[in-house]
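Peer 1: The structure under discussion is supplied below as C-alpha cells; questions concerning it will follow.
Each value in this text was obtained by applying a stated rule to the coordinates, not by laboratory testing. None of these values were measured; they are calculated from a predicted model. FYI the Cβ positions are ideal-geometry reconstructions off the backbone, even for glycines, and counts take in every protein chain you see.
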Amino acid sequence: MSVDELLKLSQGLLTPIIGIATTYIAYQQWKTNQNKLNLDRYEKRLQVYKEVVRYISVAVRDASYGNDELMTFRSKVSDADFLFGEEVPKYIDELHRRTVMLAQWNNEYRDYSQPQPENYDHQKVVDEKNRELMWILEQYEPARNIFKKYLDISK
C-alpha cells in the first residue's frame, strides 16, 4: 500500500471517527445536564420536606401556630404542586388545615381566670384542641413516608 492510498484511507476514516467522538461528547453533555436537573429537583424537594418537618416542629415547641406562621408556610411549600405527585400537596393541605384548626381552638380556649363567652363549652374546646395537636405531633413518620419515594437516593 502506497503512501497516497494510506493517506486517502486515513482521511476517509477520520470523518466517521470525528462524528463518533462528537456524538459521544454530546451524549455526555446531555447526561450531565440530566443529572444536574435531577439534582436541582432533589434539592427543591428536600427543601419542601424540611419546611414540612420544621412546621410540624412548631407544634412540638409551641403547641400553637401564629398568624405569620400559618400564612408563610403555604408560600414556603408552594412548589410542592409542581415537584411531587398529588399525594404530597394533598398531605400539605391536610397538615395546614389541621394547624389552622389548632390555632382556632387555641384562640377560643379560655382558662379559669378568663371570662367565658356565652355558650362556651370548655370540654369541647379542650378536646378538639388536643385532637388537632396530637394529630400534628404524630406527623413526623407519615411525612417521612410520603416524601420518601421522592427523596430516596439509594436507588
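Peer 1: Hey, fewest Cβ within 10 Å first, where do Leu46, Leu133, Leu102 land in order?
Peer 2: By the 10 Å Cβ count, ascending: Leu46, Leu133, Leu102.
Peer 1: Per DSSP H run of at least 4 residues, take -39500 (n - 2.57); add these up for the chain, divide by its residues and hand me the 222 nm value, nearest 500 deg cm²/dmol. Numbers along the way, then the final one.
Peer 2: Values: 6 runs with 124 residues, N = 155.
Using -39500 (n - 2.57) per qualifying helix, the result is -27500 deg cm²/dmol.
Peer 1: Enumerate lysine pairs in the chain that are 8 or more residues apart or on different chains, then count those whose Cα atoms are under 26 Å apart.
Peer 2: Lysine pairs meeting both conditions in the chain amount to 29.
Peer 1: Here's another thing I want to ask about it. Enumerate the amide H contacts of Tyr65 below 5 Å, restricted to partners 5 or more residues apart or on another chain; note that Pro and chain-start residues carry no placed amide H.
Peer 2: Under 5 Å from the amide H of Tyr65: Ala103.
Peer 1: Could you work out how much longer the chain between Ser2 and Arg41 gets when fully extended? Use 0.36 nm per residue separation minus the Cα distance between them, nm to one decimal. List each step's numbers first, then the result.
Peer 2: On the way: separation 39, 0.36 × 39 = 14.04 nm, distance 5.83 nm.
Length gained between Ser2 and Arg41: 8.2 nm.
Peer 1: Under the definition of Cα pairs under 8 Å and six or more residues apart, what whole-number percent is the relative contact order of the stretch 32-150?
Peer 2: Computed over the stretch 32-150, the figure is 34 percent.
Peer 1: Order by neighbour count: Met134, Met1, fewest other Cβ atoms within 10 Å first, most last.
Peer 2: Listing Met134, Met1 from fewest to most nearby Cβ atoms yields Met1, Met134.
Peer 1: Taking the Cα centre of the chain as the origin, how large is its charge dipole in debye, to the nearest 20, when only Lys and Arg (+1) and Asp and Glu (-1) carry charge on their Cβ atoms?
Peer 2: Magnitude of the dipole: close to 560 debye.
Peer 1: Now a separate question. Longest exposed-loop-site-free stretch of the chain, with GluC sites (Glu not before Pro), DSSP loop and at most 12 other Cβ within 10 Å?
Peer 2: For GluC sites (Glu not before Pro) (loop position, at most 12 other Cβ atoms within 10 Å), the longest site-free span of the chain is 1-85.
Peer 1: Now for a different question. Enter the angle in degrees (range 0 to 90, nearest 10) between the Cα long axis of helix 67-76 and the first principal axis of the Cα atoms of the chain, meaning the one along which they spread out most.
Peer 2: Value to nearest ten degrees: 20.
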